[in-house]
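Everything on this sheet refers to the single structure shown next.
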Amino acid sequence: MVIAGVLNEAKGNVMPISRIETRKRWNADDKRRLIETLHNALMTAFKIPSDDKLIRFVEYNSEDFVVPPGCTENYVLIELSVFPGRSLEAKRRLYRAIVNGLGKLGIAPSDIRIVLHEVPMENWGIRGGIPASEVDLGFSVNV
């Protein structure tokens, strides 16, 4: 398994935590584009700050990642752990932005799965172990 990622914690922000998983081997430029596509979708749909980026890119050997029937080697699973508070419309915008952006990279909508986990703010220890529910994040999660 190969893991590559990007973290920018200039303001101490740590959300969302995102993971892109695939069984296809992508070159460095493609990985960067996949990561940027996801980050841009999060900024647009969830209004996260541009410097708030924690995205992991995980590649598996084909025998270690079984894809659903009808999917190809381009299959991508995206899991996001986020604070609660986003509206259903914001989630719809996020899903559309991800699918549209990945489509521009040659990934068919049928090869994309997105799972969003809403983790209560008191279950996030950030900025030195403080519950996120007790921290001024500097941005709103109610979009």
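The values are calculated or read from the model by the stated rules, or taken from the named source; none is laboratory data. Since this is a predicted model, take the numbers as computed values, not measurements. Positions of Cβ are backbone-derived with ideal geometry, glycine not excepted, and every protein chain shown enters the neighbour counts. In case anyone asks, the SASA skips ligands and DNA or RNA and just uses the protein heavy atoms, side chains included. Shrake-Rupley method; radii C 1.70, N 1.55, O 1.52, S 1.80 Å.
For the chain, carbon and sulfur atoms together expose 52% of the accessible surface, with a 1.4 angstrom probe and every protein chain in place. Solvent exposure of the chain, expressed per residue, is 51 Å² of accessible area, with all protein chains present and a 1.4 angstrom probe. Over the chain, what is the mean sequence separation of C-alpha contacts under 8 Å (at least six apart), divided by residue count, expressed as relative contact order in percent? Relative CO of the chain lands at 31 percent. Placing pseudo-labels 7 Å out from each Cα toward the beta carbon at Leu116 and Lys47 gives an inter-label distance of 1.4 nm. DSSP bridge analysis restricted to the chain gives an antiparallel fraction near 55%, rounded to the nearest 5. Considering only alpha-carbon pairs that sit under 8 angstrom and 6 or more positions apart, the relative contact order computed for segment 56-140 is 32 percent.
Between the Cα long axis of helix 28-46 and the first principal axis of the chain there is an angle of about 40°, rounded to the nearest 10. Computed from point charges on the beta carbon alone (+1 for Lys and Arg, -1 for Asp and Glu), the dipole magnitude for the chain about its Cα centre is near 420 Debye. Counting only alpha carbon atoms, the long axis of helix 88-103 and the longest principal axis of the chain meet at about 40°. Computed over segment 18-102, relative contact order equals 52 percent, with contacts defined as Cα pairs under 8 Å that lie 6+ residues apart. Treating r as the C-beta distance of Leu105 and Ser62 and R0 as 25 Å, the FRET efficiency rounds to 0.80.
When peptides 36-42, 82-88 are ranked by their average number of other Cβ atoms within 10 Å per residue, the highest-first order is 36-42, 82-88. Here Ile17 and Leu88 are evaluated by their C-beta separation; at R0 = 22 Å the FRET efficiency comes out at 0.55. Using the charge dipole of segment 92-143 (Lys, Arg: +1 at Cβ; Asp, Glu: -1 at Cβ; taken about the Cα centre), state which of Leu94, Met121, Leu105 has its Cα farthest towards the positive end. Towards the positive end, the residue furthest out is Leu105.
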